[in-house]
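The values are calculated or read from the model by the stated rules, or taken from the named source; none is laboratory data. Just so it is clear, the model here is predicted, and its values are computed rather than measured. Cβ: placed from backbone, ideal geometry, glycine included. Neighbour counts: every protein chain shown. Protein only, heavy atoms only, side chains kept; ligands, DNA and RNA dropped before computing areas. Shrake-Rupley method; radii C 1.70, N 1.55, O 1.52, S 1.80 Å.
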Amino acid sequence: DWLGRYRRAWIEKDADAASRLFTEDASYREQPFQPPFVGRAAIRDYWARVTASQISVELRYGRAVVEGQRVAVEWWANLQTADGPLTLAGEFLLRFADSGECQELREYWLLTQARVEPPQGWGA
């Protein structure tokens, strides 16, 4: 359910909906060598900024690996920007609070400036 709501927020560029997926004190680490965005307001601002130029977003997930309140899942995104088509392949490592909101998100992703489909067997 959380991943489905995250997908919907990204496709609809809905920064408010995205921020509501997180606890008030959540940590969202988009890059491993940069400080995380901390708190709903910072996450909302980040989302509004990075999705503003994206259109025609398609997002799919691989099979999630769940261990207690932690989830790891691959994701694959195809989208358009003013510079043309982009493909991002990434992975989330999520930690959830008892409320079902995400308390910590760490992601790792790679980008290519073309539309690329996942390789055979991806996400299994």
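Things worth noting here:
- Volume of the Cα convex hull of the chain, divided per residue and given in Å³: 102 Å³
- Per residue accessible area of the chain, 1.4 Å probe, in Å²: 57 Å²
- Residues LEU93, LEU21, LEU110, ordered by accessible area of protein heavy atoms at a 1.4 angstrom probe radius and largest first, appear as LEU110, LEU93, LEU21.
- Efficiency of FRET from Cβ geometry, ILE55 and ASP25, R₀ 22 Å, rounded to 0.05: 0.10
- Cα centroid separation, the range 1-46 to the range 50-67: 12 Å.
- For the chain, built as a Gaussian network whose Cα springs stay under 10 Å, the top-fluctuating residue of THR23, THR112, THR51: THR112
- The chain, accessible surface, carbon-and-sulfur percent (1.4 angstrom probe): 50 percent
- Placing unit charges on the Cβ atoms only, positive for Lys and Arg and negative for Asp and Glu, gives the range 81-121 a dipole magnitude near 140 debye about its Cα centre.
- Trypsin sites (Lys or Arg not before Pro) restricted to the range 1-110 and DSSP loop, no more than 13 other C-beta within 10 Å: ARG63
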